[in-house]
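What follows is a short report on a single structure.
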Amino acid sequence: MSKTKSRTILIVLVLALALLPQAVAAGNNAPVNLTFSKQSSGIGTWEGTVSGDLEGQLTTVLTDIRVSGPIWHVEFDWIVDADDDAYDFTAHLGGVLNTKTGSVVMNGTVVEGWLIGAQVHEEGQLVDPATLGFEGTIRIMPGTAG
């Protein structure tokens, strides 16, 4: 192999290795997408599961409510106990529940555990009024984590 070809290969390898951490970091900023299913387990608490980019148990706890007709302004702590403990987190979310349609939309931040500081968006729908069962999606934006 010629010296020029060897140098070219070496330069390409060095550049590839130098750019690898940036590529990995960029991949880590992809949103984490979860689906959830939960039902009431007592006054102001719901229990269920999350699945998608991680699997685990979900507990949500109502921390504040302000009723304004059919629109309720709510705040919740979302506690995810992931199957892999490294991904456990708690997020504090606030938003609105439309009691006429059963839809809920909340936004907030991871306040404890994995991806602390990351922004979180939740959209849910009441699917079973008898159990106060909700299903929906959670999106976590790792690039916003502290």
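Please treat every number below as a calculation from the coordinates, not as lab data. Please read these numbers as outputs of a predicted model, since none were measured by experiment. Positions of Cβ are generated from backbone atoms using ideal geometry, with glycine treated the same way; all protein chains shown enter the neighbour counts.
For region 31-144, what does the alpha-carbon gyration tensor say about shape, rounded, prolate or oblate, given a ≥ b ≥ c as the root eigenvalues, a/c under 1.5 as rounded, and a/b over b/c as prolate?
The shape class here is prolate.
Quick one: if you take sqrt(5λ) for each eigenvalue of the C-alpha gyration tensor of region 86-145, what semi-axes come out, biggest first, whole angstrom?
Details: eigenvalues 124, 27, 14 Å².
Semi-axes (√(5λ), whole Å): 25, 12, 8.
Once the other residues with Cβ under 13 Å from the Cβ of residue 63 are scored (Lys, Arg +1; Asp, Glu -1), what is the net sum? Don't jump to the answer; show the numbers that get you there.
Working: positive: 66; negative: 64, 75, 77.
It works out to a net charge of -2.
Between residue 83 and residue 103, what FRET efficiency follows from the Cβ-Cβ distance if R0 is 22 Å, with the result rounded to 0.05?
The formula returns an efficiency of 0.15 here.
If you add up the charges near residue 108, with Lys and Arg at +1 and Asp and Glu at -1, over every other residue whose beta carbon is less than 11 angstrom from its beta carbon, what do you get? Mind dumping the intermediate values first?
Values: positive: none; negative: 75, 77, 122.
For residues surrounding residue 108, the net value is -3.
Mind jotting down the three principal axis lengths of region 40-104 based on Cα atoms? Whole angstrom, largest first.
Extents along the principal axes: 41, 20, 20 Å.
Principal axes first, then extents: for the Cα atoms of region 67-111, list largest minus smallest coordinate on each axis, whole Å, largest first.
Principal-axis extents of region 67-111 (Cα, largest first): 41, 17, 12 Å.
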